[in-house]
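The values are calculated or read from the model by the stated rules, or taken from the named source; none is laboratory data. Computed from a predicted model, the values in this text were never measured in an experiment. No Cβ is skipped: glycine too gets one built from the backbone with ideal geometry, and neighbour counts run over all protein chains shown. Quick note on the areas: whole protein, heavy atoms, side chains included, nothing else; ligands and nucleic acids left out. Shrake-Rupley method; radii C 1.70, N 1.55, O 1.52, S 1.80 Å.
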Amino acid sequence: MSSILILAIIALGLGIIMGMMGVINLAHGSLMTIGAYTVWYFQSELGLGFWSGFVIAPFAAGLFGLALEYFVIRHLYDRLIDTLLATWGISLAVTEVIKMLAGDSGKSVANPIAGRLDLGVTTYPFYRVFLIVFTLAVILAVFGIFTRTNFGIRLRAVLQDDEAASLLGVSQRRTYQNAFVFGSALAGLAGAAVTPIVAVGPNLGTNYLIQAFLTIILGGATTPLSVLPGSAFIAGLSNIMSFLMQPVLAETLVLVFVVLIIIARPPVKRAVARWREVV
């Protein structure tokens with residue numbers, strides 16, 4: 001359950017950037033990695049503990065996202081291939097910088113909430129319980145931001161009709177920048193949240209990036225809650241497959257399943273439409 005919700009937050013941040021701006025950000029996984037290494041650095045190197053790094057992580061990723069949008073992304077809007085190549089190159093550069101600064105071996109982060117919850121038939125780690133509650137709260141908070149705040153209203157206005165929004169005084173450039181920073185911060189937060197249950201390494205975010213893309217392709221990201229079905233399917237199927245077979249083969253089969261669903265979706269929709277006409 002916790003892996004499903006973590007994937008939902010990553011996909012949510014990626015979906016905001018893709019859905020609002022039409023930018024396929026291959027550096028999104030690096031933003032998650034930055035969040036994870038922020039927690040490790042604060043806990044292991046500075047000795048300030050897990051929670052200080054946990055709070056700073058989304059700001060660190062958001063700041064990097066701000067620089068990325070300002071110096072690179074804003075000059076490549078409506079140039080899909082150039083954006084893909086640029087963000088892919090930045091992702092590779094971030095990975096190499098992390099290896100130079102922290103090495104390429106996996107880092108461990110101490111669990112900040114020890115103990116396990118007794119469920120009778122089994123036990124469940126308290127930190128994973130916290131993850132479930134926290135990530136659900138984040139998703140609901142993002143939903144509230146999109147529907148109840150001026151920030152969210154501006155984002156949706158630009159998404160629906162950017163020309164009309166500009167006539168009403170909504171800056172498209174500023175709105176895009178805010179959306180990119182917000183999505184980046186969510187990636188950093190997800191990276192921070194997952195550190196006690198995985199090894200923190202330079203390629204941490206890349207492993208989640210593929211699943212996040214599949215989640216958006218499968219379930220969409222038109223609203224903050226729409227990522228939940230896709231993340232449940234992708235993460236759930238991946239966990240089951242990984243339990244039954246080698247992880248690489250499991251990821252390959254998950255990708256095949258998603259491709260088959262995408263191929264089958266249009267014929268199914270047409271068949272349903274014809275059935276409705278007959279009925």
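Worth a mention:
- The set of residues in the stretch 117-138 that are in contact with a strand residue (DSSP E or B) (Cβ under 7 Å, 6 or more places away or on another chain) and in a strand (DSSP E or B) comprises Leu117, Thr123, Tyr124, Pro125.
- Selected residue [part of a helix (DSSP H, G or I), within 18 Å of Thr175 (Cβ to Cβ) and among the aliphatic types (A, V, I, L, M)] from Ile17, Ile34: Ile17
- Candidate set: the stretch 102-113, residues that are farther than 13 Å from Gly201 by Cβ and aliphatic (A, V, I, L, M); chosen: the one modelled with the lowest pLDDT: Ile113
- Filter result for Val39 (surrounded by 24 or more Cβ atoms within 10 Å (Cβ to Cβ), in contact with a helix residue (DSSP H, G or I) (Cβ under 7 Å, 6 or more places away or on another chain) and over 27 Å from Thr147 (Cα atoms)): yes
- Some residue of the stretch 21-32 being at pLDDT below 85, touching a Lys or Arg at 6+ places or on another chain (Cβ under 8 Å) and over 13 Å from Leu189 (Cβ atoms): no
- Scanning the stretch 96-113 for residues that are open to solvent by less than 40 Å² (accessible area, probe 1.4 Å) and either free of Cβ contacts under 8 Å to residues at least 24 places away in the same chain or out of contact with any helix residue (DSSP H, G or I) (no Cβ under 9 Å at 6 or more places or on another chain) (or both) turns up just one, Gly103.
- Of all residues in the stretch 42-61 being open to solvent by 40 Å² or more (accessible area, probe 1.4 Å) and small (Gly, Ala, Ser), the one that is nearest to Asn207 (Cα to Cα): Ser44
- Taking residues in the stretch 166-177 that are in contact (Cβ under 8 Å) with a residue 12 or more places away in the chain, and partners anywhere that are aliphatic (A, V, I, L, M) and not in a helix (DSSP H, G or I), the pairs with Cβ atoms closer than 9 Å and at least 6 places apart or on different chains are Tyr176/Val23.
- Given (1) crowded, with 20+ Cβ neighbours inside 10 Å; (2) within 30 Å of Val129 (Cβ to Cβ); (3) aromatic (Phe, Trp, Tyr), index of the condition Phe64 fails: (2)
- Filter pass, Thr215 being at pLDDT below 85 and under 12 Å from the mean Cα position of the chain (by Cα): yes
- Candidate set: the stretch 77-95, residues that are free of Cβ contacts under 8 Å to residues at least 12 places away in the same chain and open to solvent by less than 100 Å² (accessible area, probe 1.4 Å); chosen: the one farthest from Thr33 (Cα to Cα): Asp82
- Complete set of residues in the stretch 114-159 that are closer than 24 Å to Val198 by Cβ, in contact (Cβ under 8 Å) with a residue 40 or more places away in the chain and of a type in the set (Val, Ile, Thr): Ile132, Thr135, Val138, Ile139, Val142
- Among the candidates Ala57, Ala110, Ala114, the residue that is small (Gly, Ala, Ser) and part of a helix (DSSP H, G or I) is uniquely Ala57.
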